[in-house]
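Heads up: the structure comes next, in C-alpha cells.
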Amino acid sequence: MILGIDIDDTITNTSKVVNKYLRQEYPEYDNRKLLSKKEYRRFLKKHIKQMRDEYELKEGVKTAWEYFKENHFKIIIITARNNKYDRNNIKNTKAFLKKNGLFYDKIYFRQIKKGRKAYKEHVDLFIDDKERVLDNVALYQIPGVCMGISSKYKSFSDWYQLLDYIKEVNYGRRENIRCE
C-alpha cells in the first residue's frame with residue numbers, strides 16, 4: 001500500500017497556530033482572506049520560525065504511523081512547503097518529522113498540484129485537508145480522503161477514524177484499490 005500524505009493541516013495543526021499568530025498581530029482578524037497577499041507574505045516571513053516551533057501532530061497520527069510501519073505501508077509525503085519564507089524550512093520540516101518518529105519513504109517539497117507526483121509514485125490513497133488538492137489528485141484516478149471537512153470526499157476529524165477506515169476498506173491489499 002502506498003499512501004500519499006500532505007503535512008500542513010493533515011498531520012499537523014498548522015492553521016490553528018497560524019490563526020493564533022494572526023489574531024495577535026491583527027486583533028480584528030478572523031479570516032486570512034482579509035489580508036492582502038503582500039501583507040500575508042510579510043506576516044509569514046516574520047513569524048514562520050516561531051509558528052513552526054508550535055506545530056503539533058493531529059490526534060492519532062502516531063498510532064496510524066505505527067500501523068503503517070507494522071503493515072509495510074509506503075509513505076510518500078507530498079507537500080507545498082518550500083523555503084520561500086524561511087531558507088531552512090525544508091531542513092526543519094525533515095527534522096520535525098524525525099523528532100516525531102514519522103518515517104517516510106520519499107518526501108517532495110514545492111508541490112502545488114500534487115496529483116501528477118502522486119500518480120508517478122503509484123499512490124493508492126491520498127490524504128490531504130484541501131478539496132482542491134484532492135480534486136487534482138482525482139484527475140489521475142487516485143482516491144482521496146480529507147483530513148477535515150469536505151462535501152465531496154470521505155472526511156475524518158482525526159487519524160484514529162482514518163485508520164479505522166483504511167483497515168475497514170482493506171486498503172492494505174493493493175489489488176482492491178485500482179486497476180492499472
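Brief remarks on what is shown
- Residue check, Lys84 part of a helix (DSSP H, G or I), charged (D, E, K, R) and either over 21 Å from Asp129 (Cα atoms) or open to solvent by less than 100 Å² (accessible area, probe 1.4 Å) (or both): no
- Given (1) over 13 Å from the mean Cα position of the chain (by Cα); (2) in a helix (DSSP H, G or I); (3) modelled with pLDDT of 95 or more, number of the condition Val133 does not satisfy: (1)
- Failed condition for Ile149, given (1) free of Cβ contacts under 8 Å to residues at least 12 places away in the same chain; (2) outside any loop (DSSP other than H, G, I, E, B); (3) touching a strand residue (DSSP E or B) at 6+ places or on another chain (Cβ under 6 Å): (2)
- Residue check, Ala118 open to solvent by less than 30 Å² (accessible area, probe 1.4 Å), touching a Leu at 6+ places or on another chain (Cβ under 7 Å) and in a helix (DSSP H, G or I): no
Matching residues to (1) open to solvent by 80 Å² or more (accessible area, probe 1.4 Å); (2) closer than 16 Å to Gly4 by Cβ:
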site	(1), (2)
Phe73	no, yes
Lys91	yes, no
Lys113	yes, yes
Ser151	yes, no
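- Filter result for Tyr104 (modelled with pLDDT of 95 or more, within 25 Å of Tyr119 (Cα to Cα) and part of a loop (DSSP other than H, G, I, E, B)): yes
- Matching entry among Tyr40, Tyr29, Tyr85 (being touching a Leu at 6+ places or on another chain (Cβ under 6 Å), more than 30 Å from Tyr119 (Cβ to Cβ) and of a type outside the set (D, E, K, R)): Tyr29
- Among the candidates Asp30, Asp9, residue that is modelled with pLDDT under 95 and either under 21 Å from Val169 (Cα atoms) or acidic (Asp, Glu) (or both): Asp30
- Residue in the range 1-45 that is most open to solvent (accessible area, probe 1.4 Å), counting only those that are of a type in the set (A, V, I, L, M, F, W, C) and assigned to a helix (DSSP H, G or I): Leu34
- Residue within the range 36-46 that is at pLDDT 95 or above and farther than 15 Å from Ile11 by Cβ present: no
- Test: Tyr160 is in contact (Cβ under 8 Å) with a residue 24 or more places away in the chain, touching a Gly at 6+ places or on another chain (Cβ under 6 Å), open to solvent by 40 Å² or more (accessible area, probe 1.4 Å) and not in a loop (DSSP other than H, G, I, E, B): yes
- Selected residue (only one of Arg52, Arg23 is under 23 Å from Ile77 (Cβ atoms) and not polar (S, T, N, Q)): Arg52
The values are calculated or read from the model by the stated rules, or taken from the named source; none is laboratory data. Since this is a predicted model, take the numbers as computed values, not measurements. Heads up, the Cβs are rebuilt from the backbone with ideal geometry, glycines too, and the neighbour counts pull from every protein chain shown. Quick note on the areas: whole protein, heavy atoms, side chains included, nothing else; ligands and nucleic acids left out. Shrake-Rupley method; radii C 1.70, N 1.55, O 1.52, S 1.80 Å.
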